[in-house]
Structure formats: C-alpha cells, structure tokens
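Notes follow the structure.
Laboratory data are not the source of any read-out in this text; all were calculated from the coordinates shown. All values derive from a computational prediction rather than experimental measurement. Here the Cβ is made from the backbone with ideal geometry for all residues, glycine too, and neighbour counts use every protein chain on show.
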Amino acid sequence: MALVLVVDDDPDHRDLLGTYLRAQGYRIEEAKDGLEAVNKTLSLRPDVVVMDLEMPTLDGWAATSILRHNARARHIPIICLSAREGAAERDSALRAGCVSFLTKPCPPADVVAEIRRVLGVLPIPLSEA
C-alpha cells in the first residue's frame, strides 16, 4: 500500500488523520513542520504528501516549493490541507506546487478520496467491496 507523509504542526490532527489512513491500509509517516517534511520526503520518497500550510520553522508553501525544485521529489504529489480558505489561498498553494487543496476541517474520508484521485487509484465499486 502507498506511503503517505502527513505534515502538520498539530499533533492531534496528525494522529487523527494518521489513524484513519492506517485503518484504510496506508503506511504513514509524520512530520511536524516543513523542514522535517522536506527531509522525510527526500529520504523516504513517499507516494504522496498531505501538507499543512501554516507551520513553524518552515511553512508548507516553502516546503512545497523546495520539493518542487528537487529532482528526487518533484514527481511526488502534494495535497494541501489547510485551515485557510479562499481562492487566493488555493491559488497560492497550487502555484507553490500542490496538486490539490482541501480545507480543514476536512472529513478523513475526503482526504482518502483525494489521495486515491492523485495516485490514479479507482475506487472499489460497492458490489466488489
């Protein structure tokens, strides 16, 4: 199953999302800020990163930009998950290199659906589940 790096400075949010994703069969790594996210992305090469924007040390915009300019990481999709709303925030995240933008609070099932979408995984029809 895919490796997902969950990046958020809120440990409760990381734990909640990580627990849900593990229950869905994903392997999870966590990072508490953008600097840790960059380091873990380069070393672990996750299949997808779920990135908060507002974090200490290095924010999500800067971390995303660094990863987009690194040959070893530029292909890894980054899903922005932010408490900030609005077209300007969304556009800023997409310009930085995120492939999609979700607003907190976001049901974990919506995050899974977005992970599946960006990885090109089709949902299992209910008749086959």
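Can you give me the relative contact order of the chain as a percent, contacts being Cα pairs under 8 Å and 6 or more apart? Kindly include the intermediate steps, with their values, before the conclusion.
Values: 209 pairs, mean separation 27.2, N = 129.
Relative contact order comes out at 21 percent.
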Dipole of segment 1-111, Cα-centred, from +1 at each Lys and Arg C-beta and -1 at each Asp and Glu C-beta, to the nearest 20 debye?
-> 560 debye
What's the Kirkwood radius of the chain in Å, using all Cα pairs?
-> 14.5 Å
Lys and Arg at +1, Asp and Glu at -1: add these up for the other residues within a Cβ distance under 15 Å of E89 and post the number.
-> -1
Per the chain, cysteines lacking a partner by the 4.7 Å Cβ criterion | C106
